[in-house]
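Written out below as structure tokens is the structure these notes cover.
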């Protein structure tokens, strides 16, 4: 051992650049130019310091209980609870480098469990609540989980089905409700165990924690086979966050965040958990039904200063706002359109480096924008982020016209979250430039100046757990992470993501086609479509499957058959009497099919070759969603699932 520092921080020897072992230690890339010379700290060290500096500041605010009451935790209470749970984990037999799986919706208990695991020398493993028992088993077995913490009976029943197949498992804890079996510990039981333990063992463990050792696993949602487990250490997470904070101009003890995106995803790990302990921000927890429409309730209470939404969240907000617009009178609509023009003009000038006081914009802000933000619970918000998937430029422009500038972040689990950010300083489109101190390049550049996006820096992951071959494919000997994304730079050095290499379509004629740009072009031509999915690998021509925007079941999140209000109004305006998706498909509604066909033809005009033009389309019987299986937990489209679901339809389109 060497390099002992304050706050229980040591940098351990026996270093390598890449490891796939749970107990591996990697070399931290330090340089002398200041960009990578942040203080070396552990996650327990950061939380300990924050709790000492701001003991009475509110750290966490739970979602309301059955009586509508929210429980708050100060940073002193938060850190104290983490220590109690860490002592309980050690008592229950948590071994160093073994996993603690956490399966539940965002809550103070989720945060405490993760940090307590790290305090106790274990590895925190977030598991998606949508996982099947078999998927949960894989994560628990692969991470050698000693402990599994579940939210409720629903998640517990999954574990009870598989626990006999988990050789390392020593304890199961349920943090919400009363366990249905005697050998399952409640959250209260866990706290009682920890309170009875002395600090001695925990203090010893904390002194042995290396910031270059794995502390969390992020399981990626692989399309084929089992997911890969991304190994991230203390320094990965803290360095990545420290690179982001100055760009966002976030301040200590001032920020409020709403936690609602899955904590098993790297985006929520950074924004919700790590920023919280670094900046002493206050985190409000949303209801589990947040993505089904109740998020607005939490936003109105919390009044966040920073809000992260994946593209589909922004799209849902857009759709709800469109419904409101259609119900406005002529005068209100005219005023809103005038205000939007002022905002677009103001931001276009700003992006082009023209800064002057545009009084019409400030008047529009007072008259319209402030009221819109207040209705969304975003009137105190000054940082709006989109990430985790590409966003349609039309959605981005729409929010910009409402004085809600969406900063687009590009990154992945393997680079500890953010790598580039488009903060609208240089361009409205693209994913921007690398954060300071991070490096980026394109590999194997083709004739269109596109290449694979590769990233380097202190934030790059250690390796995939127990997967040396996959690690070698992703991270080369010089430390460059190969993202699997196609990208290109504009003349100002802004990065544009043009597609996924794995999703590249190679037609039977040998033409390489990136579906993403074609899909976005179609969606831009007709805003009443919610999805467009291009298919054509090893086929003579391209086809596209589209979905019409429809209403959603607010309880389940599943799509309904009824057309969304704006789609209904549009349909009637073009001469269709259809009110449901089923009516449209069964009658082959001439008006709607013709409009979709025209939109595709307009999109085809942008194609660089005939091989990149869509020849046929079909409307699918319902929109995509998590309950129906087409979307993953972070609302990303599972293209392989869609292709299997509609294999017969696809075959007919090639007859």
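Computed from the coordinates by the stated procedures, all read-outs in this text should not be read as laboratory data. These numbers were taken from a predicted model, which means no experiment stands behind them. Neighbour counts run over all protein chains shown; Cβ positions are idealised from the backbone, glycine included.
Values as computed for the structure displayed
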read-out	value
Cα gyration tensor category, rounded, prolate or oblate, for region 469-542 with a/c compared to 1.5	oblate
Relative contact order computed over region 505-654 (Cα-Cα under 8 Å; 6+ residues apart), in percent	24 percent
Rounded Å value of the spacing that divides the Cα centres of region 231-283 and region 527-566	33 Å
Rounded if a/c under 1.5, otherwise prolate or oblate - region 505-654, Cα gyration tensor axes	oblate
Using a Förster distance of 30 Å, the FRET efficiency for residue 478-residue 389 (Cβ separation, nearest 0.05)	0.60
Most to least packed among 369-376, 278-285, 172-179 [average Cβ atoms within 10 Å]	278-285, 172-179, 369-376
Shape category assigned to region 91-232 from the gyration tensor of Cα positions, a/c cut at 1.5	oblate
Taking the chain and dividing mean pair separation by its residue count, relative contact order in percent (alpha carbons under 8 Å, at least six apart)	11 percent
The chain - mean residue ellipticity at 222 nm from DSSP helices (-39,500 (n - 2.57) per run, n ≥ 4, rounded to 500)	-10500 deg cm²/dmol
Exposure proxy ranking, count of Cβ atoms within 10 Å, fewest first, for 148, 501, 162, 180	180, 501, 162, 148
Expected-Rg normalisation [2.2 N^0.38 Å, Cα atoms] applied to the chain	0.97
Fully extended contour minus Cα-Cα distance, from residue 15 to residue 445, at 0.36 nm per residue	151.5 nm
Ranking of 245, 481 by count of other Cβ atoms within 10 Å, fewest first	245, 481
Region 287-320-region 463-505 distance, computed between alpha-carbon centres (Å)	31 Å
Sequence ranges 634-645, 126-137, ranked by mean other-Cβ count within 10 angstrom, highest first	126-137, 634-645
Fewest-first sequence of 567, 313 by Cβ atoms within 10 Å of each Cβ	313, 567
